[in-house]
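See below for the structure under consideration.
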Amino acid sequence: RSLQFLYFIGHSWLKQMISRQTRLAAWLLLVAVATEAQSTTCPGSSSNCACGWTNNGANCGNDDGSECFCRCCCSYTGSCNWQNGGGGGGGSGSSCSMPTGVPSDPPAVDNTGFVGCHGKLSLGGPGGLQLVDENGEAVRLMGMSSHGLQWFPNCYSKESIQYLVEHWGITLFRAATYVGMGSKAKDIVQWCKELGIYVIIDYHVLNPGNPNDRAYSGAESFWRDMATQFKGEKHVLYEIANEPNGVTWSTIKSYHNKIIAAIRAIDTETIIICGTPTWSQEVDKPAADPVAQPHNVMYTFHFYAG
């Protein structure tokens, strides 16, 4: 599960799994393909090691491999080194090579003020299956998610998001909000408002995988707070459970129905995004058995490359 793309769909069915890929998504996919796990040799050593993704190298210290995707873990020291042009011993990753045909310095794309062009989003179009703007025109959001907000806090600043808006052309930022990180999520919501892009407040259900687990006993309170504060904001979307896993759709749906009811008592219109079974991969389940209040509700499909 090396690289994640998020696609959100209306409550009846997934009409189009992958449409025209954005330039950024295509580049990332090429990078992922080019850096599949392989056997290699540690720089400065004759020891063999494996080049792998974060989960495969979980015993190799604090380095998560995000700079060049691929790293070499040396069994004789337990240390990690960058591969694919990154050299040995880590560093900034500035020397990491790109796959053939992928530009290393693409032109900047600035989407500052995107929300001002589109306003509050809703479901509309044929059958109410399409994400549309205030004028009823179809809209596609492009962006990225944070890691858990409690990790790498220096990475999540207004300046870093602004760079993504002005250079990568993102129109959406997703704040992965684990339990207890609501305050940081609110900061990100404000920064995205100032930059004029959309933001997803993601309640990051992952482990435990059952959203009804007592670890998430504060979910209703969390969403009442968020709905109360942001119900008038045009740029906010709610994602109420990231990646439920290990439980059935009926169990997940009972959580969704409870949280949707709590939100709709305060905010009747903001888009609500619902996670689906098996790390948000089984969209056929809610298609056959939707939530009780499907108005402006979308379901999550997570596609993992590699």
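The values are calculated or read from the model by the stated rules, or taken from the named source; none is laboratory data. Worth saying up front: this structure is predicted, and the values here are computed from it rather than measured. In this analysis, Cβ positions are derived from the backbone assuming ideal geometry, glycine residues included, and neighbour counts consider all displayed protein chains. All accessible areas refer to the heavy atoms of the entire protein, side chains included, with ligands and DNA or RNA removed. Shrake-Rupley method; radii C 1.70, N 1.55, O 1.52, S 1.80 Å.
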Rounded accessible area of Trp191 (nearest 10 Å², 1.4 Å probe):
50 Å²
In nm, to one decimal, how far is the Ser254 label point from the Glu269 one, both placed 7 Å along Cα→Cβ?
3.4 nm
What list of ³J(HN,Hα) couplings, whole Hz, do you get for the range 261-273 from phi and the Karplus terms 6.51, -1.76, 1.60, once you set θ to phi - 60° and write x for glycine and proline?
4, 5, 5, 5, 5, 10, 10, 8, 10, 4, 4, 10, 10
Quick one: if you stick a label point 7 Å off each Cα along the C-beta vector at Lys120 and Ala108, how many nm between them?
3.4 nm
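Over the Cα atoms of the range 216-279, Rg to Rh with Kirkwood Rh, two decimal places? Walk me through the numbers before you get to the answer.
On the way: Rg = 11.8 Å, Rh = 12.1 Å.
With Rg and the Kirkwood Rh in hand, the quotient comes to 0.98.
Restricting to Cα pairs below 8 Å that are 6+ residues apart, what does the relative contact order work out to for the range 114-229? Please round to a whole percent. Let's see the in-between values first.
Numbers: 143 pairs, mean separation 24.0, N = 116.
Rounded, it is 21 percent for the range 114-229.
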Tell me the accessible surface of Thr268 in square angstrom (1.4 angstrom probe, heavy atoms of protein chains only), to the nearest ten.
80 Å²
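Give the ranking of Glu282, Glu159, Glu134 by solvent-accessible surface, highest area first, calculated with a 1.4 Å probe.
Details: Glu282 55, Glu159 125, Glu134 100 Å².
These residues rank, largest area first, as Glu159, Glu134, Glu282.
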Structure shown: which of Lys158/Lys253; Lys120/Lys186; Lys186/Lys231; Lys158/Lys258; Lys193/Lys231; Lys234/Lys285 lie over 25 Å apart, alpha-carbon to alpha-carbon?
Lys158/Lys253; Lys158/Lys258; Lys234/Lys285
Rg and Dmax of the range 192-301 over Cα atoms: what are they, in angstrom?
13.2, 40
If every Lys and Arg gets +1 and every Asp and Glu gets -1 at its Cβ, then about the Cα centre the range 112-204 yields a dipole, in debye to the nearest 20, of 200 debye
I'd like the Karplus ³J(HN,Hα) series for the range 189-202: coefficients 6.51, -1.76, 1.60, θ = phi - 60°, whole numbers in Hz, and an x wherever there's a Gly or Pro.
4, 5, 4, 5, 4, 5, 8, x, 10, 7, 9, 9, 8, 9
Rank these residues by their accessible area, most exposed first, probe 1.4 Å: Leu149, Leu123.
Leu123, Leu149
Over the range 144-271, what percent of the accessible surface lies on carbon and sulfur atoms, probe 1.4 Å?
51 percent
